[in-house]
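> Have a look at this one before I ask anything.
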Amino acid sequence: METNFDVLKEQVLSCTACELCKTRHNVVFGDGVPDAEVMFIGEGPGENEDLQGKPFVGRAGQMLDKMLAVIDLDRTKNIYITNMVKCRPPQNRDPLPSEQEQCIEFLRNQVAIIRPKIIVCLGRIAACRLISKDFKVTKQHGMWFEKNGVQMMGTYHPASLLRTPAQKPAAFEDFTALRDKIKEICTHTY
Ligand code: URA
Ligand code: SF4
């Protein structure tokens, strides 16, 4: 495990451990503040993220930023955002289990350094890998699970909300529950 966040970032930026390194333009390490108490974890970079080297900067990212703003969260102020895999899967396919396995050590290291109190999994890929392997977003979104002293929740992926706007009210309920949990257990997010 690396203990210095900048050194870790340099390691990830030069990683060639899985095939995704061959088609990426940029590695997407993460974005946010290093003392965040709340971490958001998506699936993997899309086209815009791959081109800019930042997570959630396309349409789904704009959707996410809007929802975050409703509960006074902002990646420049009080949260950290990253993905299960740091390089874009071609054609935005799901990252393979083997690719997730290669990359997850970097995520573990990010979590070990940031030590968040709350982790929000955005969508099925993150929730299934980090909360429980048969996690069902439609049934279990918004529920809290404790793992190693961290409160974990899965919610809809913002890209899913763009495709299926009928999910938005439920997603907003999840964010309200998140705001309440932050007020309950976090000390410097708000
Ligand atoms: N979707 C994701 O899961 N992550 C991103 O960074 C962008 C879109
Ligand atoms: Fe390395 Fe992760 Fe990129 Fe694969 S996806 S090359 S493991 S940084």
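Laboratory data are not the source of any read-out in this text; all were calculated from the coordinates shown. All values derive from a computational prediction rather than experimental measurement. Note: ideal-geometry Cβ built from the backbone for every residue, glycine included; neighbour counts use all protein chains shown.
> Can you find a residue in the stretch 170-180 that is more than 22 Å from residue 57 (Cα to Cα), more than 16 Å from ligand 1 (Cβ to nearest atom) and in contact with an Asp or Glu (Cβ under 9 Å, 6 or more places away or on another chain)?
There is at least one residue in the stretch 170-180 that is more than 22 Å from residue 57 (Cα to Cα), more than 16 Å from ligand 1 (Cβ to nearest atom) and in contact with an Asp or Glu (Cβ under 9 Å, 6 or more places away or on another chain).
> Okay, moving on. Could you check the stretch 100-120 and list, in sequence order, the residues that are closer than 19 Å to residue 159 by Cβ and within 12 Å of ligand 2 (Cβ to nearest atom)?
The answer is 100, and nothing else.
> Residue check: is residue 104 free of Cβ contacts under 8 Å to residues at least 60 places away in the same chain, of a type in the set (Val, Ile, Thr) and surrounded by fewer than 18 Cβ atoms within 10 Å (Cβ to Cβ)?
So residue 104 fits the description; yes.
> Among (1) under 24 Å from residue 4 (Cα atoms); (2) surrounded by fewer than 18 Cβ atoms within 10 Å (Cβ to Cβ); (3) more than 16 Å from ligand 2 (Cβ to nearest atom), there is one condition residue 138 misses while meeting the rest; what is its number?
Failed condition: (1).
> What are the residues in the stretch 42-66 that are more than 24 Å from residue 22 (Cβ to Cβ) and either of a type in the set (Val, Ile, Thr) or touching an Asp or Glu at 6+ places or on another chain (Cβ under 9 Å) (or both), if any?
Matches in the stretch 42-66: 61, 65.
> For the stretch 62-80, does any single residue satisfy the condition of being over 19 Å from residue 123 (Cβ atoms) and surrounded by 18 or more Cβ atoms within 10 Å (Cβ to Cβ)?
Looking through the stretch 62-80, at least one residue is over 19 Å from residue 123 (Cβ atoms) and surrounded by 18 or more Cβ atoms within 10 Å (Cβ to Cβ).
> Quick test of your reading of the structure: residue 17 fulfils all but one of (1) near ligand 2 (Cβ under 10 Å from one of its atoms); (2) closer than 25 Å to residue 142 by Cα. Name the failing condition by number.
Failed condition: (2).
> Which of (1) of a type in the set (Val, Ile, Thr); (2) more than 16 Å from ligand 2 (Cβ to nearest atom); (3) under 21 Å from residue 160 (Cα atoms); (4) in contact with a strand residue (DSSP E or B) (Cβ under 8 Å, 6 or more places away or on another chain) does residue 57 not meet, given it meets every other one?
Exception for residue 57: condition (4).
> Of everything in the stretch 16-48 that's touching a strand residue (DSSP E or B) at 6+ places or on another chain (Cβ under 8 Å) and of a type in the set (Asp, Glu), which residue is nearest to ligand 1 (Cβ to nearest atom)?
Looking at the filtered set, the residue picked out is 43.
> For the stretch 146-190, enumerate the residues that are crowded, with 17+ Cβ neighbours inside 10 Å, of a type in the set (Ser, Thr, Tyr) and touching a residue at least 40 places away in the same chain (Cβ under 8 Å).
Across the stretch 146-190, the qualifying residue is only 189.
> For the stretch 1-93, which fully contained helices (runs of 4 or more DSSP H) count at least 2 residues that are more than 19 Å from residue 175 (Cβ to Cβ)?
Those helices (runs of 4 or more DSSP H) span 5-13, 47-52.
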